[in-house]
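Report on one structure; see the data block that follows.
A short reminder: the numbers here are calculations on the coordinates, not readings from a lab. None of these values were measured; they are calculated from a predicted model. Using ideal geometry, Cβ is built from the backbone for each residue, glycine included, and neighbour counts are taken over all protein chains shown.
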Amino acid sequence: MEVLVMITTESSRENALRMAKLLIQNKLAACVSIKQIFSIYKWDNNIEETKEFEITIKSKPEFKDYLIEFLNKISTYDVPQIIYKKYYSELKYYDWVKNTF
C-alpha cells in the first residue's frame, strides 16, 4: 500500500495555489499541501535567498511520470525542484488516495 509523495516549489502563493488546483482538477493528486519556506541556493554563480512555497503532492505511484511531465510544463521555474519518494501508508489513507481518482 504505497503512496507517492512528490515535492516541488513555486515563487509565490498564487502560483502554488494555481498549481495545486490544476493537479486536483486534472486528477493527478489526491491532496496537495502548501507551506511557506525560506530557501538559500546557488543560481548563476550567486547565492540566492528567497521566500518560496513548498508544494507537497500526495498521489498514486503509477502517476509519477505524468506528474513530472505536468510539473515541468506548469512550473514558473526554469529548473523546477521535483523530488519524490514512495511511502507505505496506513490502509484508510491509502484507500482514500486510491479512490479519489
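Which members of segment 28-43 meet the condition of being touching a helix residue (DSSP H, G or I) at 6+ places or on another chain (Cβ under 8 Å) and either farther than 17 Å from F63 by Cβ or not hydrophobic (A, V, I, L, M, F, W, C) (or both)?
Pass one, segment 28-43, residues touching a helix residue (DSSP H, G or I) at 6+ places or on another chain (Cβ under 8 Å): 28-32, 34, 36.
Within segment 28-43, I34, Q36 qualify.
Of the residues that sit in segment 54-83 and are of a type in the set (A, V, I, L, M, F, W, C) and within 22 Å of M1 (Cα to Cα), which one is nearest to the chain's Cα centre (by Cα)? Please lay out each step first, then the result.
Initial filter on segment 54-83 (of a type in the set (A, V, I, L, M, F, W, C)): 55, 57, 63, 67-68, 70-71, 74, 79, 82-83.
Applying the additional criterion that residues be within 22 Å of M1 (Cα to Cα) yields 57, 63, 67-68, 83.
Values: I57: 4, F63: 12, L67: 8, I68: 9, I83: 8 Å.
So the residue we want is I57.
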